Amino acid sequence: MSRIGKKPVELPAGVTASVSGQTVEVKGPKGSRNFTATDDVQITIDGNAVSVAPRGKSKRALQQWGMSRTMVNNLVTGVSTGFKKELEINGVGYRAAMAGNVLKLSLGLSHEVNFQVPDGVTVTSAKPTEITVEGIDQQLVGQVAANIREYRKPEPYKGKGIKYKGEFIFRKEGKKK
């Protein structure tokens, strides 16, 4: 039995959900998202909550049960509060700035890196050493943050590079004489 799948997803104020076949559409103050579940689960709306139940006792149905409930919960969280990833830039001369829909990164390379921000995500840079990625799609927010981090991952000797806020960088000791 799935401990996660048993719990219904509560809909906060201002969020509505509708089920059409295997597709769940959730609308809220930040936008609208939908998810199509497999035929192994059954999705129902009970008043102010969305419930997911497996169809049968097969291994695949039980696997899809918890995953589908988590996906619906992520839709509700995305349209009500949204998702956010924060990045920090460490290093002398390393900085970020927004210019329209392009994030300009100076990361110690011979050229400036221009990152085109995709639709559905908002990237802001309040300080030159901080980047905030926000949106209603958890997967897209995480992927954009990972793509930005990929330009200059933090190195283990001085810790220079782009890291997630609160991320621990394992530090190494330098070469000794």
Report yes if some residue within region 55-73 is in contact (Cβ under 8 Å) with a residue 60 or more places away in the chain, assigned to a strand (DSSP E or B) and under 19 Å from the mean Cα position of the chain (by Cα); otherwise report no.
no
Identify, please: which residue in region 36-63 is in contact with an Asp or Glu (Cβ under 8 Å, 6 or more places away or on another chain) and of a type outside the set (S, T, N, Q) and is, among those, nearest to Lys7 (Cα to Cα)?
Ala49
Please give the strands (runs of 3 or more DSSP E) falling wholly within region 81-128 in which 2 or more residues are in contact with a strand residue (DSSP E or B) (Cβ under 7 Å, 6 or more places away or on another chain), assigned by TED's automatic domain parsing to the domain that holds Tyr151 and loosely packed, with under 13 Cβ neighbours inside 10 Å.
113-116
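Scan Ile131, Ile148, Ile136 and give me the residue that is surrounded by 13 or more Cβ atoms within 10 Å (Cβ to Cβ), of a type in the set (Val, Ile, Thr), in contact (Cβ under 8 Å) with a residue 60 or more places away in the chain and over 17 Å from Gly31 (Cβ atoms). Walk me through how you get there before you give the answer.
Working: Ile131 fails: in contact (Cβ under 8 Å) with a residue 60 or more places away in the chain; Ile136 fails: over 17 Å from Gly31 (Cβ atoms).
Step by step, each of Ile131, Ile148, Ile136 is checked, and only Ile148 is surrounded by 13 or more Cβ atoms within 10 Å (Cβ to Cβ), of a type in the set (Val, Ile, Thr), in contact (Cβ under 8 Å) with a residue 60 or more places away in the chain and over 17 Å from Gly31 (Cβ atoms).
Residues are listed down the side, and each one gets a yes or a no for (1) among the charged types (D, E, K, R); (2) touching a Cys at 6+ places or on another chain (Cβ under 8 Å); (3) at pLDDT below 90:
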{"residue": "Gly47", "(1), (2), (3)": "no, no, yes"}
{"residue": "Gly56", "(1), (2), (3)": "no, no, yes"}
{"residue": "Met67", "(1), (2), (3)": "no, no, no"}
{"residue": "Gly78", "(1), (2), (3)": "no, no, no"}
{"residue": "Gly82", "(1), (2), (3)": "no, no, no"}
{"residue": "Lys85", "(1), (2), (3)": "yes, no, no"}
{"residue": "Asn90", "(1), (2), (3)": "no, no, no"}
{"residue": "Tyr94", "(1), (2), (3)": "no, no, no"}
{"residue": "Met98", "(1), (2), (3)": "no, no, no"}
Would you check if there is a residue in region 19-41 being assigned to a loop (DSSP other than H, G, I, E, B), at positive phi and not assigned by TED's automatic domain parsing to the domain that holds Thr122?
yes
Filtered residues of region 102-133 (kept if over 13 Å from Ile89 (Cα atoms), of a type in the set (Asp, Glu) and over 16 Å from the mean Cα position of the chain (by Cα)):
Glu112
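Of all residues in region 62-95, how many are more than 30 Å from Ala37 (Cα to Cα) and of a type outside the set (A, V, I, L, M, F, W, C)?
We begin by selecting, within region 62-95, every residue more than 30 Å from Ala37 (Cα to Cα); these are 86-95.
Applying the additional criterion that residues be of a type outside the set (A, V, I, L, M, F, W, C) yields 86, 88, 90-91, 93-95.
Matching residues across region 62-95 total 7.
The values are calculated or read from the model by the stated rules, or taken from the named source; none is laboratory data. Predicted, not measured: the structure shown is a model, and the values here were computed from it. Quick reminder, even Gly has a Cβ in these numbers, built from the backbone with ideal geometry, and neighbours come from all protein chains shown.
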